[in-house]
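Inspection log for the structure reproduced underneath, given as structure tokens.
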Amino acid sequence: MNNTAKKGPPRKDSILELAKFMDATVRVKCLGGRELQGTLRGYDELVNLVLDDCDEFLRDPEDFEKVTDNTRRLGLVVIRGTQVSMVSPQEGVEEIANPFLVAEEE
Amino acid sequence: QQTTEHAPVAKFLPLELIDKCIGSRLWVIMKGDKEIIGTLNGFDDFVNMVLEDVVEVEIAADGKKTFNKLDQILLNGNNIALMIPGGPEPEKYPEYFR
């Protein structure tokens with residue numbers, strides 16, 4: 001017997017599988033330039049996020065595009081999915097030299 | 001009778017966390033350099049919010065904060081970036097409590 005109640009579209013249709021980031025440290029970039037880092041404790045299909053022990057990276061007062069290493073502690077935060085531009089795991093992140101410079105050959 | 005699907009992972013749903021915050025202090029950080037601290041009365045599907053006993057904080061480029069006191073407001077959810085239940089901690093952010 002078919003279920004006549006409408007279920008709607010399947011949940012978690014997102015191409016980003018946040019389940020694998022659960023309880024991991026992630027870095028979130030927001031549309032206004034804010035950058036945050038914290039432990040992912042929850043999310044929904046709209047990419048609203050719950051981050052624990054969250055720090056916000058403060059921006060350079062002279063140049064708002066530049067993010068410094070100074071942080072302010074925010075604690076448990078909810079991030080609006082409409083404002084999220086990037087979510088990435090902190091693990092495996094390292095600063096490297098510019099890989100796009102063409103080496104000069106003599 | 002209602003059947004609900006349970007997600008296998010125990011996690012916090014973001015909007016459930018905000019729902020639990022109704023009646024308590026909430027610190028809302030906007031996309032730009034403005035923050036709102038108030039008691040959450042409620043919110044809708046778009047996360048427009050009704051807050052009361054509100055302190056509006058405007059942060060200038062040099063970090064200087066301007067505080068405005070407001071009674072009850074409807075805050076447009078369009079520019080809300082972060083929400084922090086409980087509000088700023090007085091020990092960490094004493095300037096918000098003058």
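The values are calculated or read from the model by the stated rules, or taken from the named source; none is laboratory data. Just so it is clear, the structure is predicted and the values come from calculations on it, not from any experiment. With ideal geometry, Cβ positions are generated from the backbone for all residues, glycine too; neighbour counts draw on all protein chains shown. Remember, those area values only see protein heavy atoms, side chains included, never the ligands or the DNA or RNA. Shrake-Rupley method; radii C 1.70, N 1.55, O 1.52, S 1.80 Å.
A compact table of results
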| item | result |
| --- | --- |
| Fraction of accessible area attributable to carbon and sulfur, chain B (%, probe 1.4 Å) | 51 |
| Counted charge near A:GLU94, where neighbours are those whose Cβ lies closer than 15 Å (Asp, Glu -1; Lys, Arg +1) | -2 |
| Separation between Cα centres of segment A:16-91 and segment B:6-80, rounded to whole Å | 17 |
| Shielding by partners, peptide B:76-83 (average Cβ within 10 angstrom, other chains) | 6 |
| Tensor-based shape of segment B:15-54 (alpha-carbon gyration tensor, a/c under 1.5 rounded, otherwise prolate or oblate) | oblate |
| Listed residue pairs exceeding 29 Å between alpha carbons, taken from A:LYS29/B:LYS65; A:LYS20/B:LYS64; B:LYS20/B:LYS64 | A:LYS20/B:LYS64; B:LYS20/B:LYS64 |
| 3J(HN,Hα) from dihedral phi, segment B:27-43, Karplus parametrisation 6.51/-1.76/1.60, rounded to Hz, x for glycine, proline | 9, 10, 10, 7, 4, x, 9, 9, 9, 10, 10, x, 8, 6, 8, x, 8 |
| Taking chain B and dividing mean pair separation by its residue count, relative contact order in percent (alpha carbons under 8 Å, at least six apart) | 26 |
| Pairwise burial A:B, computed as accessible area of each alone minus the pair, summed, 1.4 Å, Å² | 2400 |
| For chain B, with +1 on Lys and Arg beta carbons and -1 on Asp and Glu, the positive-most of B:LEU51, B:MET83, B:GLN72 along the dipole | B:MET83 |
| Average accessible area per residue (Å²) across chain B - probe 1.4 Å, nucleic acids and ligands excluded | 61 |
